[in-house]
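Every read-out reported here was derived from the displayed coordinates using simple, explicitly stated rules and does not represent laboratory data. Quantities reported herein were computed from a predicted structural model and do not represent experimental measurements. For neighbour counting, all protein chains shown are included, and Cβ atoms are generated from backbone atoms with ideal geometry for every residue, glycine included.
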Ligand SMILES: Cc1cc2nc3c(=O)[nH]c(=O)nc-3n(C[C@H](O)[C@H](O)[C@H](O)COP(=O)(O)O)c2cc1C
């Protein structure tokens, strides 16, 4: 088991994966079983993942993803979506707590109405921001969880959102946040680690 610092510092964005390395349902499930602990606004869990392993489907994703070679060599390519109407699930998400008596009916009703109001007042742009914000937090956890389990990943924004949505049959109200390749990195093709700003350059205290 890798410690947290090793997971963080050893994760790299793979440029190429070793081919012919299958990733099984069980292995993906173990990763997603950690991903479910990601934080999300009001615990609405906006993220949805589409895992593509079928070679013909991967080829279509490759075409929609600027023909990035890493899509073809990945064991799986995964589209991370954010749900723009995740707030509509607030009842369902809180029902269990209500039924168990962890929250009472008054607390449940308050949460439900507050969450609906919060999203509806702020409108479409906010719903989209929320979808992408929460999906990306989840996606980061996915990459770290994968690394901990011995898998490498490659986040990608280089794709045509409309084309990829069509290929993967993504319903309306889901926004593609990130495409992630997962597999075993071909380290001979590894890029040098990019420059990282020192802490003093990206952290301010009290004021910008
Ligand atoms: C949101 C996001 C989008 C990215 N899109 C791409 C991409 O389309 N193609 C690519 O080769 N790398 C992509 N990357 C990988 C970055 O280039 C990489 O994270 C960065 O150079 C730092 O390298 P490291 O992750 O190995 O530390 C993306 C990374 C992020 C976080």
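Quick notes
- Computed over the chain: relative contact order in percent, which uses C-alpha pairs under 8 Å that are six or more apart: 36
- The gain in end-to-end length when the residue 166 to residue 56 segment is fully stretched comes to 38.1 nm, 0.36 nm per residue minus the alpha carbon separation.
- Zone residues, region 38-53, relative to residue 124, backbone N less than 13 Å from point 7 Å out along Cα-to-Cβ: none
- Highest-fluctuation residue, 87, 116, 48 considered, GNM on the chain with Cα pairs under 10 Å: 116
- Full-extension gain in nm, residue 206 to residue 116, via 0.36 nm per residue minus C-alpha separation: 29.1 nm
- Highest mean first, the peptides 198-206, 178-186, 153-161 sorted by other C-beta atoms within 10 Å per residue fall in the order 178-186, 153-161, 198-206.
- At R0 = 22 Å, FRET efficiency that the Cβ-Cβ distance of residue 95 and residue 140 yields, to 0.05: 0.15
- Share antiparallel - DSSP beta bridges, the chain, percent rounded to 5: 95
- Förster radius 35 Å - calculated FRET efficiency between residue 85 and residue 34 (Cβ-Cβ, nearest 0.05): 0.85
- log₁₀ of I(q)/I(0) at q = 0.12, 0.15, 0.18, 0.19 Å⁻¹ - region 4-202, Debye sum with one point per alpha carbon: -0.68, -0.97, -1.22, -1.30
- Value at 222 nm in deg cm²/dmol, rounded to 500, when DSSP H runs of n ≥ 4 in the chain each add -39,500 (n - 2.57): -14500 deg cm²/dmol
- D (Stokes-Einstein, µm²/s), Kirkwood Cα radius, region 125-208, 1.002 mPa s at 20 °C: 136
- Nitroxide proxy distance, nm - points 7 Å out along Cα→Cβ at residue 187 and residue 21: 1.1
- Sorted ascending by nearby beta carbons within 10 Å, beginning with the fewest, 97, 79 become 97, 79.
- With the simple model of a label 7 Å out from the Cα in the direction of the Cβ, residue 67 to residue 8 spans 3.9 nm.
- The listed peptides 189-195, 67-73, ordered by packing as a protection proxy, come out as 67-73, 189-195 (highest mean of other Cβ atoms within 10 Å first).
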